[in-house]
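First up is the structure itself, then whatever we jot down about it.
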Amino acid sequence: MRQTSSLPPIDAWVASSLLQKAIRRGDVEYAEAAALAFHRMRGNAIWRRLILIAFEDIGPSDRDLCIKVTNSGTDISSRSQIGSDGEVITHLVRLMCAAPKNREADYLICSAKQAPFTEDLRAAMARKTITERIAVSVDAHTPLLQRAVAAWMASGVNGGGPVTLSIGDLRGLMRAVTRVADLEAFRTAAITACEKTSEPIVVMTALLALAIQQQELPTEVVEEKLPEFVLCDGIPSWVFDKHTRLGKSAIRQLLAENQHLRNCIGEFVPEYRALEIAAMAAFYADAVSLKLRMTWSMSNDLYSLGLRTDMTKIGTPDNGVEPIVSTMQSCLEHLNDIRRRLRTASYRQRRSWGAGDLEAAK
């Protein structure tokens, strides 16, 4: 196992990114090392982080694991039955790496809350009572996106960003969504996870579990080919996405160096939007990759929905989404080279500063 001490120097943001993306890829060694590093730097924040990853990246593909991570992350006595905090963290991370993944709760909540093309749905749902929203949420004959808007607005759970929901009935919603027999055990954990994280992605996981049950069709676990990567002084290049400082710098440098990408983005959006749009396209190029993915009849549609939402909410026209993302995928080797260059330069600079500080101290 790769121990924390063998990781090169990283900050909490990089540790958090490494943890989540290593779990997505099933890379146990990196995930364990990152989790322990994050715990060392941020203490008990690791429990909220693991709960969010469980619901965002595993979700309906392993509801029992979501329950286990939630219980361990919120109940000290439950953790103590396994061992020390470090032992519990590594135990959970191993289970999460091995589990099949499903990111569709993330696609649903982003579309329900932020998609420009769901504004009419949000406006219509705002005119309904909470009881009516709950009824829409569990109606198998209603389109899933409409159900997602209803469930979010019924829950009262805002998540990040401006507060747009002032009231809700989370417990009433979860009772209705989990009324199907084998979802009852999931209800308490989902409510606890919502209260711990204040994130409505948990609600979407419960809604997806219900929708999958209602369709009465089998799910399938597929193994996907992961994008190529390079090591950047001991850290995989896929860590450095738009949520890290180096990742943002790498995107900026890619735009400066790669005229093909600049030209493609420039066909659809003004220059001042290029950096944000390139960063989102890069996120889809290698940051959301899953090694084992649980799929069902709506999986491809939900992925497309999530991609469309994330790209259009920052100004990409519908006809620009596919060309820009495809072009970014073709530039991944160039992006990885830049990530490596920037990481190497940063790492060497930190080491030289350390040597200088040591000489000054003498």
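The values are calculated or read from the model by the stated rules, or taken from the named source; none is laboratory data. Treat the numbers as computed from the prediction; the structure is a model and nothing was measured. Every residue, glycine among them, receives a Cβ derived from its backbone with ideal geometry; neighbour counts consider all protein chains shown. For accessibility, only protein heavy atoms count, side chains too; no ligands or nucleic acids. Shrake-Rupley method; radii C 1.70, N 1.55, O 1.52, S 1.80 Å.
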**Complete:** For the stretch 28-84, dividing by residue count, accessible area per residue (probe 1.4 Å) in Å² works out to 38
**Prompt:** Given labels modelled 7 Å from the Cα in the Cβ direction, how far is it in nm from residue 314 to residue 87?
**Reply:** 4.3
**Fill in**
For the stretch 145-219, listing trypsin sites (Lys or Arg not before Pro) in a DSSP loop whose Cβ sees at most 14 other Cβ atoms within 10 Å gives 179
**Prompt:** Using θ = phi - 60° and the Karplus curve 6.51 cos²θ - 1.76 cosθ + 1.60, what whole-Hz ³J(HN,Hα) does each residue of the stretch 273-282 get, with Gly and Pro shown as x?
**Reply:** 9, 4, 5, 5, 6, 5, 5, 5, 4, 5
**the stretch 239-342 - accessible surface per residue (Å², probe 1.4 Å)** = 44
**Radius 14 Å from Cβ of residue 240, net charge of other residues (Lys, Arg +1; Asp, Glu -1)** = +4
**Prompt:** At a 1.4 Å probe, what is the % contribution of carbon and sulfur to the accessible area of the chain?
**Reply:** 50
**Prompt:** Given a cut-off of 21 Å, what percent of all Cα-Cα pairs of the stretch 122-237 lie beyond it?
**Reply:** 44
**Complete:** Cα extents of the stretch 193-318 along the principal axes, largest first, in whole Å, come to 50, 37, 32
**Prompt:** Dimensions of the stretch 253-302 along principal axes (Cα, Å, largest first)?
**Reply:** 39, 20, 16
**Message:** Can you give me the distance in nm between label points at residue 217 and residue 276, each placed 7 Å from the Cα along the Cα-to-Cβ direction?
**Reply:** 3.6
**Message:** As a test of the formula, what do you get for the chain when each DSSP H run with n ≥ 4 contributes -39,500 (n - 2.57) and the sum is divided by the residue count, at 222 nm and rounded to the nearest 500 deg cm²/dmol?
**Reply:** -20000 deg cm²/dmol
**Fill in**
Quick calc of log₁₀ I(q)/I(0), the chain, Debye, one scatterer on every Cα, no solvent, q values 0.06, 0.11, 0.14 1/Å, result -0.24, -0.79, -1.23
